[in-house]
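J.: This is the structure I have questions about; it appears just below.
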Amino acid sequence: MSTKLLRFDAKRILLLAATLPMLIFSQATFGKNIDLVTLPKRNNVQLTIYNSEDITLAKESRNITLKKGLNQLQFSWAGTLIDPTSVNIRPLDHKDEIEVLDTVFPGQKPQHLIWNIQSEVEGEVSVEVSYFTSGLTWTMDYVAISNPKETELSFKGFVRVFNHSGEEYENAQIRLVVGKINLVEKIANLAKRSGVQPPKPGAVEYLRLKERVVRSTLNSPSANEGPPPLNEAKPIIKEGLSEYFIFSVSGEETIRNGWSKRMQAVKADSVKFDIVYRMRNYQYGNRPVRFFIWQNTEERGLGDSPLPNGLIRLFRDNGNEGLGYLGQQTVKYVPVQADIEINLGPDDLVVYQRRRDPTSRSNFTFDRLNRVVTGWDERQQWHETIRNYRSKPIHFELRLRLGGDVEMQAANTKSFDFNTVETILDVPANGITEFKYQLDIHHQANAKQNRVRLKPAQ
């Protein structure tokens, strides 16, 4: 009789043949009558990388040769950040004829484990080994290039994967989790369903429950798609899963240990965008700022999925095969239908001025006993002027924050919140737009509430 001892290493797989079947492993077992045979490399590996918890689910497909009876498969994670408690193996072929009996951690060989596998078939079979590892992270960055007339832009997003896991992954399918998985809450719920108190983070039971939660949320069948033709960009497959999304890079990528790799993840051409000038002295200072705004929608050439956090760099094509740098901004997670807004700062070609005309006071109230004024109303006339020195008309948003009990008479104005109003103005090319309004401010005893009430302009 003979028993096979298969050494399954994270960096290589070795086939060890022993002379007798055994379930107890002494030091002599690993030193006598063992032949080492290198098995084929991974057929494929899938990495599902989730940033916030520094978790990556790795699933490897391998072909191994089994004999009928007891086989022993050894796995090593030396020099890597693999969590040994999460390592799992399952047959992909002959599932009813192959059984994993148990897992042994030999004391004389740290960072190794051995599976005892009972097989009713003989020959080559495919198995999947999955585990959690750390040290794999990813970031997003975006490049937007406007046409010379500033009416459309091309928008590209790139994902950069960093590998500090101690393991090299060749020809891997990359899946990136966008969004938040509430691990702590789900672990607590899972513990309560089992009739136990939620364990403390870091405890063995906590790690076990964490593994179950992440496997259930991130687990999906391995993809075996081949790479696209060399002259085509690799598309990104978006998979919506409740509160988070998974980006899958089509084809295969090699992520070497200690290296990083940048891949295109989002591409949209001819994206329509708007240019808006905003005057909000409480937010941006005393000068209007220029914004490029477009939406994450299908109408704008996007909208397939939310966009992850990332830095957007914005350029303008100068029409002479060159680019002009306009600015950059880090954006938060952008849901579908949400706006992408890039603040390009003040524009010297748009000038905003405001002037207050003479003020009048009326409706005084008195404390006759103490002979003091206890309240009055104040009427203010304001004159706002926007000068546009650009060769194209602009869209101007004026937002004013007013304190106290205020009545405002103005045209084309709406309430933004209880003490803020917004007026939308269009300014012609090389032209001037003026905006006049009246404020009636109730002071002290005349004030009834702290808010702004709008009245139609007379």
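The values are calculated or read from the model by the stated rules, or taken from the named source; none is laboratory data. Just so we're clear, the structure is a prediction, and the values are computed from it rather than from any experiment. Virtual Cβ from ideal backbone geometry, glycine too; neighbours counted across all protein chains shown.
J.: Which condition breaks for A411 when tested against (1) out of contact with any Lys or Arg (no Cβ under 9 Å at 6 or more places or on another chain); (2) in a loop (DSSP other than H, G, I, E, B)?
T.: Going through the list (1) out of contact with any Lys or Arg (no Cβ under 9 Å at 6 or more places or on another chain); (2) in a loop (DSSP other than H, G, I, E, B), A411 breaks only (1).
J.: Assuming S119 fulfils every condition listed in (1) among the hydroxyl-bearing types (S, T, Y); (2) out of contact with any helix residue (DSSP H, G or I) (no Cβ under 7 Å at 6 or more places or on another chain); (3) surrounded by fewer than 17 Cβ atoms within 10 Å (Cβ to Cβ) apart from one, which condition is it?
T.: Result: S119 fails condition (3) only.
J.: State whether one or more residues within the stretch 210-222 are at pLDDT below 95, at positive phi and either small (G, A, S) or surrounded by fewer than 17 Cβ atoms within 10 Å (Cβ to Cβ) (or both).
T.: Step one: filter the stretch 210-222 for residues at pLDDT below 95, giving 210-222.
Of the ones still in play, those that are also at positive phi are none.
There is no residue in the stretch 210-222 that is at pLDDT below 95, at positive phi and either small (G, A, S) or surrounded by fewer than 17 Cβ atoms within 10 Å (Cβ to Cβ) (or both).
J.: Tell me, which residue of the stretch 75-95 that is closer than 14 Å to S134 by Cβ and small (G, A, S) is surrounded by the fewest Cβ atoms within 10 Å (Cβ to Cβ)?
T.: In this case the residue turns out to be G79.
J.: Looking at (1) under 19 Å from Y169 (Cβ atoms); (2) within 27 Å of the chain's Cα centre (by Cα), find the lone condition where A78 falls short.
T.: Against the list (1) under 19 Å from Y169 (Cβ atoms); (2) within 27 Å of the chain's Cα centre (by Cα), A78 comes up short only on (2).
J.: Being out of contact with any strand residue (DSSP E or B) (no Cβ under 7 Å at 6 or more places or on another chain) and either without any contact (Cβ under 8 Å) to a residue 24 or more places away in the chain or of a type outside the set (A, V, I, L, M, F, W, C) (or both) is the filter here; which residues of the stretch 70-88 pass it?
T.: So the first thing to find is which residues in the stretch 70-88 are out of contact with any strand residue (DSSP E or B) (no Cβ under 7 Å at 6 or more places or on another chain), and the list is 77-79, 85.
Answer for the stretch 70-88, where residues must be out of contact with any strand residue (DSSP E or B) (no Cβ under 7 Å at 6 or more places or on another chain) and either without any contact (Cβ under 8 Å) to a residue 24 or more places away in the chain or of a type outside the set (A, V, I, L, M, F, W, C) (or both): G79, T85.
J.: Kindly indicate whether G403 is touching a residue at least 60 places away in the same chain (Cβ under 8 Å) and surrounded by fewer than 16 Cβ atoms within 10 Å (Cβ to Cβ).
T.: It is false that G403 is touching a residue at least 60 places away in the same chain (Cβ under 8 Å) and surrounded by fewer than 16 Cβ atoms within 10 Å (Cβ to Cβ).
J.: What number of residues in the stretch 85-102 are outside any loop (DSSP other than H, G, I, E, B) and either modelled with pLDDT under 90 or touching a Ser or Thr at 6+ places or on another chain (Cβ under 7 Å) (or both)?
T.: First pass over the stretch 85-102, keeping only residues outside any loop (DSSP other than H, G, I, E, B): 85-86, 88-91, 98-102.
Still in the list and also either modelled with pLDDT under 90 or touching a Ser or Thr at 6+ places or on another chain (Cβ under 7 Å) (or both): 85-86, 88, 98.
Residues meeting the conditions: 4.
J.: If you scan the stretch 417-448, which residues turn out to be within 14 Å of E378 (Cβ to Cβ) and assigned to a loop (DSSP other than H, G, I, E, B)? Write out each step before concluding.
T.: Keep residues of the stretch 417-448 that are within 14 Å of E378 (Cβ to Cβ), which gives 438-447.
Those that are within 14 Å of E378 (Cβ to Cβ) and assigned to a loop (DSSP other than H, G, I, E, B): A445, N446, A447.
J.: Still on this model: Can you name the residue in the stretch 319-345 that is under 11 Å from Q295 (Cβ atoms) and in contact (Cβ under 8 Å) with a residue 40 or more places away in the chain and, of all such residues, is surrounded by the fewest Cβ atoms within 10 Å (Cβ to Cβ)? It would help to see each step written out before you state the result.
T.: Within the stretch 319-345, the subset under 11 Å from Q295 (Cβ atoms) is 334-341.
Subset that is in contact (Cβ under 8 Å) with a residue 40 or more places away in the chain: 336-341.
Values: V336: 16, Q337: 11, A338: 16, D339: 14, I340: 21, E341: 16.
If we take residues in the stretch 319-345 being under 11 Å from Q295 (Cβ atoms) and in contact (Cβ under 8 Å) with a residue 40 or more places away in the chain, then Q337 is surrounded by the fewest Cβ atoms within 10 Å (Cβ to Cβ).
J.: Quick one: how many residues across the stretch 274-287 are in contact with a His (Cβ under 8 Å, 6 or more places away or on another chain) and either of a type in the set (A, V, I, L, M) or not in a strand (DSSP E or B) (or both)? First the steps, then the outcome.
T.: Applying the first criterion (in contact with a His (Cβ under 8 Å, 6 or more places away or on another chain)) to the stretch 274-287 yields 274-277.
So of that shortlist, the ones also either of a type in the set (A, V, I, L, M) or not in a strand (DSSP E or B) (or both) come out as 275-276.
Qualifying residue count, the stretch 274-287: 2.
J.: If you take the residues of the stretch 406-419 that are in contact (Cβ under 8 Å) with a residue 24 or more places away in the chain and under 41 Å from the mean Cα position of the chain (by Cα), which of them is nearest to D440 (Cα to Cα)? Break it down into steps so the answer makes sense when it comes.
T.: Here is the first cut: in the stretch 406-419, the ones in contact (Cβ under 8 Å) with a residue 24 or more places away in the chain are 406-411, 413-415, 418-419.
From what's left, under 41 Å from the mean Cα position of the chain (by Cα): 413-415, 418-419.
Numbers: T413: 16, K414: 17, S415: 16, F418: 16, N419: 14 Å.
Among those that are in contact (Cβ under 8 Å) with a residue 24 or more places away in the chain and under 41 Å from the mean Cα position of the chain (by Cα), it is N419.
J.: Report yes if some residue within the stretch 250-273 is touching a residue at least 24 places away in the same chain (Cβ under 8 Å), in contact with a His (Cβ under 8 Å, 6 or more places away or on another chain) and not assigned by TED's automatic domain parsing to the domain that holds F435; otherwise report no.
T.: Yes, there is a match, as at least one residue in the stretch 250-273 is touching a residue at least 24 places away in the same chain (Cβ under 8 Å), in contact with a His (Cβ under 8 Å, 6 or more places away or on another chain) and not assigned by TED's automatic domain parsing to the domain that holds F435.
J.: Considering only the stretch 110-127, I want to know if a residue exists there that is over 19 Å from K41 (Cα atoms) and acidic (D, E).
T.: Among the residues of the stretch 110-127, at least one is over 19 Å from K41 (Cα atoms) and acidic (D, E), which makes the answer yes.
J.: Restricting attention to the stretch 406-432, report how many residues are touching an Asp or Glu at 6+ places or on another chain (Cβ under 9 Å), surrounded by fewer than 17 Cβ atoms within 10 Å (Cβ to Cβ) and among the hydroxyl-bearing types (S, T, Y).
T.: Summing the residues that are touching an Asp or Glu at 6+ places or on another chain (Cβ under 9 Å), surrounded by fewer than 17 Cβ atoms within 10 Å (Cβ to Cβ) and among the hydroxyl-bearing types (S, T, Y) in the stretch 406-432 gives 1.
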